[in-house]
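Note sheet for the following structure.
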Amino acid sequence: MDERYRSGKIRWIISVGAGLLLLGSGPAIGATSSLSGGIDNRYSDNSRRVESNPESDLETRVNLNYQYLSDPGRCTSSVDMGLGYGYWHEDTFDPEVYTNGSLSGQCELTDGLVWQASNRISQVTQDTRQATTRDNQTRKNVFSTGPVYTMRLTQVDQLQFSAAYENTEFEEPEEPDSDRVTATAAYNHSFSETLQGGLSASAERTELDTEEELDRESVSATFSKTWATTRISGSIGVNQLETRLGSQEVSSDGITGSLNIVRTINPTSTFTLNANRRLTDQTSTLGFQFEDFNFNLTETSAVEVTVVSAGYNTRFSDGSSFSTGLTASRSDFIRTDNREERIGIDARYSRPVTELLSWFTDAGYERRSFEEDDTEDDLLGLSLGLDYQLTTRMGISSAIGHQKKTSDIQSREYDENWVRVSLNYQFF
């Protein structure tokens with residue numbers, strides 16, 4: 001436990017140091033920044049989310065969140081980071097330092113040549129079959145850096161070459177860390193101000209600390225089209241992934257691509273659709289693009305992933321708002337031929353009561369299917385809460401909720417009732 005804590009702390013210090021370097025690379029005049037913090041108290045009558053013999057406990061978490069965006073210039077940077085410390089009053093879990101967020105920056109070295117760097121940290125689930133608790137989570141840190149060179153051939157044609165080094169580390173030692181090197185060449189043509197298309201080719205080598213190696217090659221066509229109220233972009237191509245571990249080699253190929261749609265239905269309503277199909281591995285950044293998606297880290301590294309998410313949000317004339325989202329995903333683990341599928345829907349409605357007080361309600365349902373043991377899990381969540389603005393800088397939020405998980409495996413089931421009270425302060 002001590003070694004894992006020190007490891008996580010070192011990575012956090014490195015990430016903060018990288019963020020300070022990125023901040024230093026950009027001009028400070030006119031830059032925007034904000035710092036907020038608060039105390040979050042959450043009581044649960046089943047803190048371990050187990051099927052029998054539930055234990056109640058109260059977690060108190062102190063949070064700090066910092067955001068920064070530099071002015072446009074030769075060098076730019078942005079920070080969106082959160083730091084927290086959680087303490088369980090009945091010692092259900094050990095005290096924990098939480099980190100989450102991203103740092104990014106870039107500098108134009110010469111005309112057309114830009115050097116980029118980024119670092120992203122998140123808490124991810126280890127075993128998707130089990131309940132999401134502290135014992136089933138680990139910190140994932142992804143650092144990447146490399147140059148991007150853009151060559152303008154004509155007013156409507158350009159070539160772009162990029163290279164990147166990426167390092168992924170997990171806090172828990174049993175999860176595979178990786179080093180990844182990627183090279184990409186792309187051609188883009190502007191058919192008009194609203195229509196672009198191109199071709200892209202990339203090669204990638206990933207080395208895991210388990211001594212497994214993965215080589216991925218891809219060729220794809222890219223496109224983007226903009227209308228008055230709609231923007232569509234995406235790609236379609238072929239991928240080949242080859243994995244090697246000792247004397248064992250496994251090769252897989254397939255059609256991959258992406259699709260992104262943003263449509264403004266009216267001034268207060270928006271619809272989004274995102275889809276991605278990729279041959280990749282568990283250390284990739286796909287989870288950052290789809291926040292609700294998690295790899296099963298107990299499975300083999302190489303995986304074919306399909307993720308689709310759709311969302312709708314609107315605001316009414318009385319100040320109330322409604323949003324809903326649908327997510328579906330499928331993970332095919334190449335070496336073991338196992339498959340996991342997930343489909344989920346969530347909705348949120350909020351309405352002001354007075355100028356300072358509002359109430360909200362959340363509901364969500366998710367079904368997960370596991371081919372390996374031919375089982376299904378269903379997870380239902382409901383909550384109701386209040387937000388109150390005490391001062392221009394201070395607000396309080398409270399909520400009550402219930403979660404219920406049913407499963408073909410009885411030991412994976414649980415019921416949980418919880419209460420949360422949070423106090424937040426905007427320092428600047």
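The values are calculated or read from the model by the stated rules, or taken from the named source; none is laboratory data. All of these numbers come straight from a predicted model, not from anything done at the bench. All Cβ positions, even for glycine, are placed from backbone atoms using ideal geometry, and neighbour counts span all protein chains on display. Remember, those area values only see protein heavy atoms, side chains included, never the ligands or the DNA or RNA. Shrake-Rupley method; radii C 1.70, N 1.55, O 1.52, S 1.80 Å.
The phi torsions of region 362-376, fed into the Karplus equation with coefficients 6.51, -1.76 and 1.60 and a -60° offset, translate into couplings of 10, 9, x, 9, 9, 10, 10, 10, 10, 6, 4, 10, 6, 10, 9 Hz, rounded to whole numbers, with Gly and Pro shown as x. With every protein chain in place and a 1.4 angstrom probe, the accessible-area ranking of Ile396, Ile261, largest first, reads Ile396, Ile261.
Note that the chain presents 52 Å² accessible area per residue, ligands and nucleic acids not counted, probe 1.4 Å. Shown for region 190-261: the carbon plus sulfur share of the solvent-accessible area, taken with all protein chains present and a 1.4 angstrom probe, equals 54%. Taking trypsin sites (Lys or Arg not before Pro) as exposed when their DSSP state is a loop state and no more than 16 other Cβ atoms lie within 10 Å, the longest site-free interval of the chain runs over 75-334. Of all the options Val181, Val142, Val156, the one that moves most in a Gaussian network model of the chain with Cα springs shorter than 10 angstrom is Val156.
For region 38-155, with all protein chains in place and a probe radius of 1.4 Å, 51% of the accessible heavy-atom surface sits on carbon or sulfur. Ranked from largest, the principal axis spans of the Cα set of region 51-180 equal 70, 31, 24 Å.
In terms of Cα atoms, the Rg and Dmax of region 59-99 work out to 16.0, 52 Å.
Can you pull the percent of Cα pairs in region 215-290 with separation above 21 Å? When all Cα pairs of region 215-290 are counted, 44 percent exceed 21 Å.
Considering only alpha-carbon pairs that sit under 8 angstrom and 6 or more positions apart, the relative contact order computed for the chain is 11 percent.
Checking [x] 35, 29, 24; [y] 60, 22, 20; [z] 73, 22, 19 against semi-axes √(5λ) of the Cα gyration tensor in Å calculated from these atoms, the matching label is [x]. With each label modelled as a point 7 angstrom along the Cα→C-beta vector, the Ala221-Ile343 pair spans 3.1 nm.
Using θ = phi - 60° in the Karplus curve 6.51 cos²θ - 1.76 cosθ + 1.60, the 3J(HN,Hα) couplings for region 246-256 round to x, 8, 8, 10, 10, 10, 9, 9, x, 7, 10 Hz; x is entered for Gly and Pro.
Using the Karplus relation 6.51 cos²θ - 1.76 cosθ + 1.60 with θ = phi - 60°, the per-residue 3J(HN,Hα) values for region 140-153 come to 10, 10, 10, 10, 9, 7, x, x, 10, 10, 10, 10, 8, 7 Hz, with x marking Gly and Pro. Put simply, the C-alpha atoms of region 31-78 give a gyration tensor, and the ellipsoid matching it has half-axes of 42, 12, 5 Å, longest first.
Summary value for region 110-235: 16 percent relative contact order, contacts being C-alpha pairs under 8 angstrom separated by 6+ residues.
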